[in-house]
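K.L.:
My questions will all concern the structure given below.
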Number of protein chains: 2
Amino acid sequence: MPTITAIDTYDVRFPTSLSADGSDAMNKDGDYSAAYVVVRTDQPGLAGYGFTFTIGRGNDLCVSAAELRGRPLLGRDVDAVVQDLGGTYRDLQSDSQLRWLGPDKGVEHLGLAAVMNAVWDLAARRAEKPLWRLLSDMTPTQLVDAADLRYLSDALTRDEAIAMLQDLEPTRASRIAELDATGYPCYTTSAGWLGYSDEKLRRLCQEAVDAGYRHIKLKVGADLDEDRRRLAIAREVIGWDAALMIDANQVWDVPQAVEWVSALAEFKPLWIEEPTSPDDVLGHATIRRAVAPIGVATGEHGMNRVLFKQLFQAEAIDFCQLDAARLGSVNEVLAVYLLAKKFDVPVCPHAGGVGLCELVQHLSIFDYVAVSGSLERRVTEYVDHLHEHFVEPCIVEDGAYQLPTAPGYSAEMHESTLTAYSFPNGDFWAGEGAALASRALPALSRGGLLAAR
Amino acid sequence: MPTITAIDTYDVRFPTSLSADGSDAMNKDGDYSAAYVVVRTDQPGLAGYGFTFTIGRGNDLCVSAAELRGRPLLGRDVDAVVQDLGGTYRDLQSDSQLRWLGPDKGVEHLGLAAVMNAVWDLAARRAEKPLWRLLSDMTPTQLVDAADLRYLSDALTRDEAIAMLQDLEPTRASRIAELDATGYPCYTTSAGWLGYSDEKLRRLCQEAVDAGYRHIKLKVGADLDEDRRRLAIAREVIGWDAALMIDANQVWDVPQAVEWVSALAEFKPLWIEEPTSPDDVLGHATIRRAVAPIGVATGEHGMNRVLFKQLFQAEAIDFCQLDAARLGSVNEVLAVYLLAKKFDVPVCPHAGGVGLCELVQHLSIFDYVAVSGSLERRVTEYVDHLHEHFVEPCIVEDGAYQLPTAPGYSAEMHESTLTAYSFPNGDFWAGEGAALASRALPALSRGGLLAAR
């Protein structure tokens with residue numbers, strides 16, 4: 001009967017702003033970061049690893065939030081925790097003082113995500129299964145018990161959710177066998193960051209095609225003429241049979257989004273991603289009606305299940321891009337997958353960042369096996385950055401995620417990564433990165449009773 | 001030419017959970033708290049005071065967020081800052097790394113609110129005017145320049161906003177004279193917290209009537225029979241001419257809200273406040289259609305202007321209860337007032353907590369003077385708690401806020417309050433409150449390179 005003995009937290013940051021990896025119209029200088037949590041136990045070799053993803057400053061806030069969120073786990077019996085993952089989640093989530101800071105959004109929710117991602121990793125390791133397999137072995141009732149369905153009953157009842165899962169339960173094994181042979185299809189964003197030169201764009205598009213990708217995504221929204229030039233280059237390289245997606249990272253108001261996307265219609269994008277504020281359900285619906293047949297996609301900043309419920313109810317999106325580290329871990333992700341199934345919207349998870357690919361591969365596989373049962377109009381993001389920091393990095397071949405086999409949620413980082421990139425005292429940040437680090441440190445005095453007055 | 005020399009921050013918490021003040025169906029044990037910010041200058045006697053409001057654990061996160069948000073102000077010329085309050089706000093808001101943590105919601109936004117509330121207080125003190133007067137002396141163009149209108153142009157353009165303000169500009173002085181005589185009407189929530197006994201409820205309702213209040217609000221949502229009993233007591237005391245409001249603090253799903261509120265219709269509530277998730281625009285619209293003529297009110301957890309825009313667009317609410325410490329300070333509050341005017345929805349700000357009454361009195365007065373020009377269906381919350389901690393507490397007489405006369409936003413706390421209630425080292429928390437304090441401290445180890453592994 002192992003017991004949880006410690007919740008260790010780490011502020012891990014990578015200096016990605018130095019190379020313009022990840023640059024887009026809204027986020028020009030992100031330092032990809034993880035608020036990383038290790039749930040330790042007294043059983044040798046047994047721990048759970050999880051994180052949320054940020055882009056630099058404020059990652060320490062998420063670490064602090066994870067500390068507050070994880071506190072109730074200390075001293076608990078591991079098996080009691082992992083055998084009631086719904087109850088564990090609701091217990092941590094329902095701290096009413098922390099709830100005031102959201103509810104279910106922003107830093108307090110990112111902290112919950114980091115902790116519960118580690119708990120799900122622990123559950124999968126305890127069961128000696130990769131997370132997608134742990135989920136695929138759960139009964140419909142067990143899955144629905146784990147899902148956070150609060151505030152959703154006007155759109156999806158518990159009984160409906162169970163019935164949907166029961167429909168596909170008898171045929172799960174055949175879909176696992178299929179994915180075992182083919183992998184789960186993905187697309188690449190590695191080519192299209194705004195900070196890249198035309199030459200680099202052309203070369204990376206060609207490399208993507210050569211590597212077997214049938215979907216390419218480009219950032220847009222900073223300058224219309226430049227967008228036209230870059231999209232023309234991309235179409236020249238990938239041709240017109242491959243899918244081209246565009247991503248504005250929330251830079252437009254609603255009328256401007258309609259105008260700008262319409263001006264790029266000649267390049268036949270499959271979707272426009274994040275055309276406006278991620279909170280604007282009705283705005284996305286307006287844009288969708290105006291730019292059809294170009295699809296509307298959003299979700300990486302989708303704060304919680306209540307937002308996604310409304311995106312579905314308002315028929316606001318064609319593609320749901322949930323984020324595994326922004327939603328409240330698998331518990332809330334399950335709720336969004338179930339809603340998406342009910343409303344027949346494909347889920348194409350957001351990935352990239354630090355470790356998001358490692359997480360979402362499990363979710364997409366599980367979705368096909370047990371929830372949607374479909375690959376139609378579904379393709380999961382893949383970005384070729386920072387995988388070397390993970391003990392079991394995702395494996396992509398011929399444009400498809402290969403099925404993970406190691407137990408867990410693939411979230412464990414190398415010890416050497418923590419040593420190098422812990423902020424601000426890791427080897428990199430204390431050494432060659434010191435000047436960059438100073439940009440991210442508060443220069444203010446915490447007043448309290450000690451302030452100079 | 002004074003210069004900003006320091007941004008001092010304070011984690012101030014009051015042990016309100018000990019007396020059940022503030023208890024409701026969702027928040028049973030809040031310790032009312034403020035992440036308090038002082039913008040100091042090198043001119044003797046000139047500083048700006050501001051805060052955001054929380055209910056305990058996690059207040060430290062908001063303090064840290066305020067530190068990150070306020071950092072760019074250090075060393076700036078005070079007059080340059082206060083003469084371009086829109087530009088100052090946009091500059092602090094647009095930190096793209098911090099934006100990732102929201103955007104415009106949760107802890108990072110509460111931190112922005114605390115800092116910019118202090119900047120507005122500084123601006124009013126620099127002008128030697130109470131904040132409502134500073135705002136009432138600004139031209140329509142100056143007000144719209146200060147307002148955060150990003151993502152709103154599908155509902156309200158800049159030109160429309162200016163035109164609305166111009167309509168009322170010539171008659172501002174007459175409304176100031178009127179309020180100077182009458183004050184701004186308010187209602188009390190002090191009677192109706194869930195944790196109070198029937199005897200206390202009856203006594204407090206009678207005291208409210210005797211004090212001149214025409215509106216009383218009660219918490220509901222924990223137990224239907226108990227709600228019926230308490231509402232019957234309230235109606236017995238206040239009669240049927242006074243208005244009775246009920247507040248569920250987000251405990252219901254949408255269908256349950258419709259059912260429960262319908263079961264309380266016999267008590268003729270003016271509004272049902274926070275019937276469900278504060279994020280659920282479409283859910284509020286559904287509830288509103290179902291429970292009419294009972295009104296729907298929400299907003300204290302309304303995270304940002306994009307949410308309010310949609311509440312208006314979807315005709316989801318009858319009363320807008322914006323929160324002065326959750327929205328991004330006066331800059332975002334202005335945007336919501338302008339939207340409310342456009343959609344003809346009365347704004348009845350949320351107050352109570354710590355210091356919210358001190359803030360919202362300025363906003364309500366300004367709204368009448370320069371934006372809505374109406375008192376119809378408008379009444380601002382008042383709760384008789386914790387005012388003794390403020391240097392210039394609000395003054396309520398005959399159920400109305402009296403016009404503040406001191407320069408600033410009424411946000412300055414007494415030094416003795418900081419000495420006593422700074423967390424966790426103030427006199428109270430280090431002394432008699434130590435046991436309560438331990439519940440709010442993280443028991444976890446920040447790992448980094450130092451964790452026991």
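K.L.:
When you look at A:E273, is it of a type in the set (D, E), closer than 30 Å to A:V396 by Cα and open to solvent by 40 Å² or more (accessible area, probe 1.4 Å), yes or no?
P.N.:
Considered against the rule, which asks whether it is of a type in the set (D, E), closer than 30 Å to A:V396 by Cα and open to solvent by 40 Å² or more (accessible area, probe 1.4 Å), A:E273 comes out as no.
K.L.:
Can you tell me which residue in segment B:16-45 is most open to solvent (accessible area, probe 1.4 Å), limited to those that are at pLDDT 95 or above and either away from every other protein chain (no Cβ under 11 Å) or in contact with a His (Cβ under 6 Å, 6 or more places away or on another chain) (or both)?
P.N.:
My answer is B:P44.
K.L.:
Inside segment B:63-101, can you point out the residues that are open to solvent by 20 Å² or more (accessible area, probe 1.4 Å) and hydroxyl-bearing (S, T, Y)?
P.N.:
Residues satisfying the conditions are B:S64, B:S94.
K.L.:
So, one more: Considering each of A:G48, A:G87 in turn, give the residue that is within 19 Å of the chain's Cα centre (by Cα), modelled with pLDDT of 95 or more, small (G, A, S) and not assigned by TED's automatic domain parsing to the domain that holds A:K219.
P.N.:
A:G48
K.L.:
I would also like to ask the following. Which of (1) out of contact with any His (no Cβ under 9 Å at 6 or more places or on another chain); (2) open to solvent by 10 Å² or more (accessible area, probe 1.4 Å) is the odd one out, the single condition B:R133 does not satisfy?
P.N.:
Failed condition: (1).
K.L.:
Give B:D60, B:D104 a once-over and let me know the one that is of a type in the set (D, E, K, R), open to solvent by 10 Å² or more (accessible area, probe 1.4 Å), within 14 Å of another protein chain (Cβ to nearest Cβ) and not in a loop (DSSP other than H, G, I, E, B).
P.N.:
Among B:D60, B:D104, only B:D60 is of a type in the set (D, E, K, R), open to solvent by 10 Å² or more (accessible area, probe 1.4 Å), within 14 Å of another protein chain (Cβ to nearest Cβ) and not in a loop (DSSP other than H, G, I, E, B).
K.L.:
Ok, one more. Run A:A127 past the list (1) among the hydrophobic types (A, V, I, L, M, F, W, C); (2) under 26 Å from A:V391 (Cβ atoms); (3) within 14 Å of chain B (Cβ to nearest Cβ); (4) open to solvent by 10 Å² or more (accessible area, probe 1.4 Å) and report the number of the one that doesn't hold.
P.N.:
(3)
K.L.:
While we're on this one: Looking at segment B:241-253, which of its residues are surrounded by fewer than 24 Cβ atoms within 10 Å (Cβ to Cβ), closer than 17 Å to B:G295 by Cβ and without any contact (Cβ under 8 Å) to a residue 40 or more places away in the chain?
P.N.:
B:A242, B:L244
K.L.:
Report every pair of residues separated by at least 6 positions or lying on different chains whose Cβ atoms are under 9 Å apart, first residue within segment B:218-239 and assigned by TED's automatic domain parsing to the domain that holds B:A265 and within 19 Å of B:Q250 (Cα to Cα), second hydrophobic (A, V, I, L, M, F, W, C) and surrounded by fewer than 17 Cβ atoms within 10 Å (Cβ to Cβ).
P.N.:
B:L224/B:A263; B:D227/B:A263; B:R228/B:A263
K.L.:
Here is a follow-up. Could you list, in sequence order, all residues of segment B:107-143 that are without any contact (Cβ under 8 Å) to a residue 60 or more places away in the chain, over 19 Å from B:A66 (Cβ atoms) and in a helix (DSSP H, G or I)?
P.N.:
B:R133, B:L134, B:P140, B:T141, B:Q142
K.L.:
For A:L165, state whether it is part of a helix (DSSP H, G or I) and either under 22 Å from A:E376 (Cβ atoms) or more than 14 Å from chain B (Cβ to nearest Cβ) (or both).
P.N.:
yes
K.L.:
Can you pull out every residue in segment B:169-210 that is of a type in the set (G, A, S) and not in a helix (DSSP H, G or I)?
P.N.:
Scanning segment B:169-210 gives B:G183, B:S190, B:A191, B:G192, B:G195, B:S197.
K.L.:
Which residue, of B:R172, B:R158, B:R202, B:R150, is open to solvent by 70 Å² or more (accessible area, probe 1.4 Å) and in the same structural domain as B:F267 (by TED's automatic domain parsing)?
P.N.:
Values: B:R172 fails: open to solvent by 70 Å² or more (accessible area, probe 1.4 Å); B:R158 fails: in the same structural domain as B:F267 (by TED's automatic domain parsing); B:R150 fails: in the same structural domain as B:F267 (by TED's automatic domain parsing).
Answer to the selection: B:R202.
K.L.:
Kindly check whether there is at least one residue in segment A:411-433 that is open to solvent by 10 Å² or more (accessible area, probe 1.4 Å), of a type in the set (A, V, I, L, M) and within 17 Å of the chain's Cα centre (by Cα).
P.N.:
Among the residues of segment A:411-433, not one is open to solvent by 10 Å² or more (accessible area, probe 1.4 Å), of a type in the set (A, V, I, L, M) and within 17 Å of the chain's Cα centre (by Cα), which makes the answer no.
The values are calculated or read from the model by the stated rules, or taken from the named source; none is laboratory data. Note that this is a predicted model, so its numbers are computed, not measured. Neighbour counts run over all protein chains shown; Cβ positions are idealised from the backbone, glycine included. Calculation scope for accessible area: heavy atoms of the full protein, side chains included, ligands and nucleic acids excluded. Shrake-Rupley method; radii C 1.70, N 1.55, O 1.52, S 1.80 Å.
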